[in-house]
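Readers should treat all values here as calculations from the given coordinates under stated rules, not as data from a laboratory. All values derive from a computational prediction rather than experimental measurement. FYI the Cβ positions are ideal-geometry reconstructions off the backbone, even for glycines, and counts take in every protein chain you see.
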Amino acid sequence: MPYLYTTPEDQAAMLAAIGASSLDDLFAMVPPELRLNRPLNLPPALTELELTQHMAALAARNEHAGTKVCFLGGGSYDHFIPAAVDELAGRGEFYTSYTPYQAEVSQGNLQVVFEYQSLITRLTGLDVSNASLYDGGSAAAEGVLMAVSSTNRYGKVVVAASVHPEYRQTITTYLKDLGIEVVTVGTPTGVVRPQDLAAVVDDKTACIVVQQPNFFGCIEDAASLASIAHDAGALVVAAFDPISLGLLKRPGDWGADIAVAEGQSLGTPMQYGGPYLGIMACREKLIRRMPGRIAGETVDRRGRRCFVLTLQTREQHIRREKATSNVCTNQGLFALRATIYLALLGPQGLKETANLCLQKSHYCASLLCNGVPLAPPVPPRQHRQPQPPTTADSSLHTSGATGSASASLAASTTSTSHNSRFQLAFAAPTFKEFVLRDKQDRVDELLHQALDAGFLAGVPLGQWYPELNDCFLVAVTEKRTKSEIESLARSLD
Amino acid sequence: MRNTRDTKLLFELSEAGRRAHRLPACDVPERPVSELVPANMLAAEPPALPELSEPQVVRHFANLSQLNISVDTHFYPLGSCTMKYNPKRNERIARLPGFADLHPYQPESTIQGMLQMLYELQEYLQEISGLDACSLQPAAGAHGELTALWVAAAYFRDESLKTGGERRTKVLVPDSAHGTNPASASMAGFTTVTVKTLTSGALDMDDLARHLDDEVAVFMITNPNTVGIFEPNMREIADRIHQAGGLVYLDGANMNAILGIARPGDFGADMQHYNPHKTFSGPHGGGGPGAGPICVTEKLAPYLPTPVVVRVEGRESRVEGQKSNPTPSLALDPRPSTLDRYALDYARPQSIGRVRAFFGNVGVLLRAYCYIRTHGPDGLRRVSENAVLNANYLLSRVKHFLPVPQGDRCMHEFVASASKLKSDKGIAAMDIAKRLLDFGFHAPTVYFPLSVKEAIMIEPTETESKETLDAFAETLFNVVGEAPDVLHDAPHTTTISRPDDVRAARQPVLTYKSSNATA
């Protein structure tokens, strides 16, 4: 057994000290009829070498962002992670410690959490942050619960259809047994229309939930939406993309009361969906309703600055059934990674990362919708083949949405207007993701074809939005090069 | 030795114009941002993050790390948290690009190795628990509790539709339970009723009888319980709950004591969660991540969150979206037919839905899988045997100078009480905890469970040597004999002395502001 010290001599001495006759005797308090009197039906033990070989074989059966060029998004992104993040977060003193119950021997973790909270408040423009929650989806649900309890409105919450569908599903799960109605506002134009929101928000509404940029990558008129909610006495729960805040207005600056996010973009690998980092920040007046751990500054007995877990009277180990939430840990390791990541990037690095995402995604969109660029040159033989003529205008599929923006987007970078297979599904401005409509309505086939050509080209949307069955979501991070983008465009021809 | 310059706050180390990470120049034709982003949504400037160089960042965090006690560096007998050794091999495997760089929305055909691993883990967890079905989705133990209670709520909703009866509204929780149990029950819309436990740690059966009626939906029990004993009346408790029409939920926090010894499904549980970060050695990460997979009986399986991983037998060409349950047969053959493939099953109409975004805390689950494969059936049993051996050995040494109300035997942990020391000499459990830090030991859990006064909860885990346990016992013995003043002022050798918690709560300073005093 690789992780056990005890020799047979040790065992004998220990059993003698205990006064037990055998290891089996130690389990005397487990009633015999409740015991499993056979070995577990599990595969036999592997040595480290065998395990490593077995796992390498399993890993080899997966494609990944290193074997296929990744244009997948929808809440998890192939952003670059500087080496220092891995090296520092890989220190055993960080990752093999636990929740800092003993502040005197946990000042490292506690200071990191304090720095994390400080960074998140600067990032979001809100007053306070907790030490983090499980992930973006559960953070959104916790944000909604917080809004419900602080407004004391147990009637309904209003959620935009442009919020991540899995966040919406999570919110629904969290609210189902509490008798709170979830009203979804449709977003046929890819963004929430203020009049649609105003039609459903009333004095029973605890909060609205919007996402900026939203699940389709579109930039919402968030300030207008926030004032509709506030006029009705409702709070604004905003899901945001931390990278976008290198350029976009911060949630606290456009009216969000509670901001939540998936923090994976800040230095955490995609690892098939988790573990990630649930970011949550809010206005100061809401802090007693905030779930999760919070670190605070204080002094020790000699007057030296130090950090502790604080405001614990909100929490389950003290309040039990009256707690703000059952959450009892944070995602410490990923809060650490985000803190290191943001410290490495600084304001300029975050802005440049956001700008690269913005520029490259727009270039990619214009290329896919309008054809290859004039310059820098691509060898003529690699130019796209003549397109089959499109037969129907599938933009009728959803009301109000057109691809008209694609023409203007492309004007500055493309040679001629192009009779493309694709058009943007929505005219609204986008940040690092966009929704493409396949005029031939053969998304699955197209994505398989792209896969064969070496690309994870997009996330099909029909699984969540039947009306967008001919659409897919494309994300372009700072890692994607011009040549990768152009190759993708050629492969989708 | 200690470098206090580089452990100032990041904001205090910042100097305008300093850069660490640099990005490549934009290689696509660049357009003015004002053309792409509406003016009213554009920030005037980026957030005020600190500006640092890379060596500064590295030195800052490397020095901060050294202010922590961790399993890699110290004995960490934090009761109820199972702070066992975190195998390095699992860390390296989790970093393989074939696991770490998978996007959650990749097509199933590109993640067959991942899905196989997850499918097999579902099977292993079912076998270890003696239950029929598994969801890997919950993100932590408390999240697993909540998920299971939602499953129970959905089950009872259907039952009351079938029978026309009232919905059950109560969840019974022993007073020794983790605080997450009642908190989870509230979040799932249930009313919590507390059931008393006896000094021995066993459930008060009379009190149970008083509270048991046809409004009880779920009885939540931690077994082995939080004082480290196996519930003597487990079978009877489960039978009585079942007779009353309720479900039994097992808080799996203490599974480290019973791997291959006893299975919750065999002793009456209908549902349980695991803490893979405890039992199966996932590193605790300074507070997280964990994971909270749950296993349930067959009748509850339709209510599990979506998706679950299913194995599709080689000859079937396309079944995803049609299978409503995971294949019930145990499929523990490490080399399934190459014709088999693995799929995500979303077509589960009775499911409670999602409890989070994406599949689950895969990185933690992967380490759990590695741990189970490293040990095999015999090894897992030996883990529990040694965890129980170590705890009993420490108990046999400690009980002579620190009373252990529950008695002379325990499972994987035990709870001593400083109650008498407190009344005789004014020495509190917290004083002992703080003084242990001076001698290079992490403190045990103190003041939990609430059912024991001045509780000191000690869980050594199986990965400690007899020498370490002896050293800890001797230190503890010396500490309780020290002058009370020495203990009240402890710790004396750590980088800070006891912090002022009251000030932290009364005058909360939760973020850095440039006016914060520097030390």
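Values as computed for the structure displayed
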item: Potential extension, B:E91-B:T191 segment - 0.36 nm per residue separation minus Cα distance; result: 31.9 nm
item: Cα-centred dipole magnitude for chain B, charges only on beta-carbon of K, R (+1) and D, E (-1), debye, nearest 20; result: 680 debye
item: For B:82-88, mean number of other protein chain Cβ atoms within 10 Å; result: 3
item: Cα→Cβ-extended label distance, 7 Å offset, between B:N233 and B:T297, nm; result: 2.0 nm
item: Förster radius 35 Å - calculated FRET efficiency between B:R59 and B:C26 (Cβ-Cβ, nearest 0.05); result: 0.65
item: Integer Hz, Karplus 6.51/-1.76/1.60 couplings in order for region A:425-432, x for Gly and Pro; result: 6, 10, 7, 5, x, 10, 9, 10
item: Shielding of A:62-73 by partner chains, average beta-carbon count, 10 Å; result: 6
item: Förster radius 25 Å - calculated FRET efficiency between B:K399 and B:D175, Cβ distance, rounded to 0.05; result: 0.60
item: Most to least packed among A:266-279, B:8-21, B:456-469, B:359-372 [average Cβ atoms within 10 Å]; result: A:266-279, B:359-372, B:456-469, B:8-21
item: Long-range amide H partners of A:L248 with built H, under 5 Å; result: B:A43
item: Sequence ranges B:491-499, B:389-397, ranked by mean other-Cβ count within 10 angstrom, highest first; result: B:389-397, B:491-499
item: Candidate aspartates and glutamates for bridging to A:K439, where Cα separation is under 14 Å - those fewer than 8 sequence places away on the same chain excluded; result: A:D393, A:E467, A:D470, A:D493
item: Packing-based ranking, highest mean first, of B:471-477, B:157-163, A:120-126 given that Cβ atoms within 10 Å are counted; result: A:120-126, B:471-477, B:157-163
item: Extended-chain gain in nm, criterion 0.36 nm per residue less alpha-carbon gap, B:R210 and B:H242; result: 9.9 nm
item: A:A259 long-range amide H proximity, modeled H, under 5 Å; result: A:A238, A:A281, A:C282
item: Under-5 Å amide H pairs with B:Y342, H placed in peptide plane, nonlocal only; result: B:V312
item: Peptide B:225-238, shielding by other chains (average Cβ, 10 Å cutoff); result: 2
item: Dipole magnitude (debye, nearest 20) for chain A, charges at Cβ of Lys, Arg, Asp, Glu; result: 960 debye
item: Residue among A:L46, B:H442, B:A217 farthest towards the positive dipole end of the protein assembly as shown, charges placed on Cβ; result: B:H442
item: Among A:S106, B:A154, B:V364 the positive-end extreme of the charge dipole of the protein assembly as shown (Cβ point charges); result: A:S106
item: Potential extension, B:D489-B:E467 segment - 0.36 nm per residue separation minus Cα distance; result: 5.1 nm
item: Inter-label distance, nm, simple model (7 Å from Cα along the C-beta direction), A:L49/B:N478; result: 4.4 nm
item: Förster radius 45 Å - calculated FRET efficiency between B:V502 and A:D25 (Cβ-Cβ, nearest 0.05); result: 0.40
item: Antiparallel bridge percentage (DSSP; both residues within the protein assembly as shown; nearest 5); result: 60 percent
item: Distance between region B:465-519 and region B:337-409 - C-alpha centres, whole angstrom; result: 31 Å
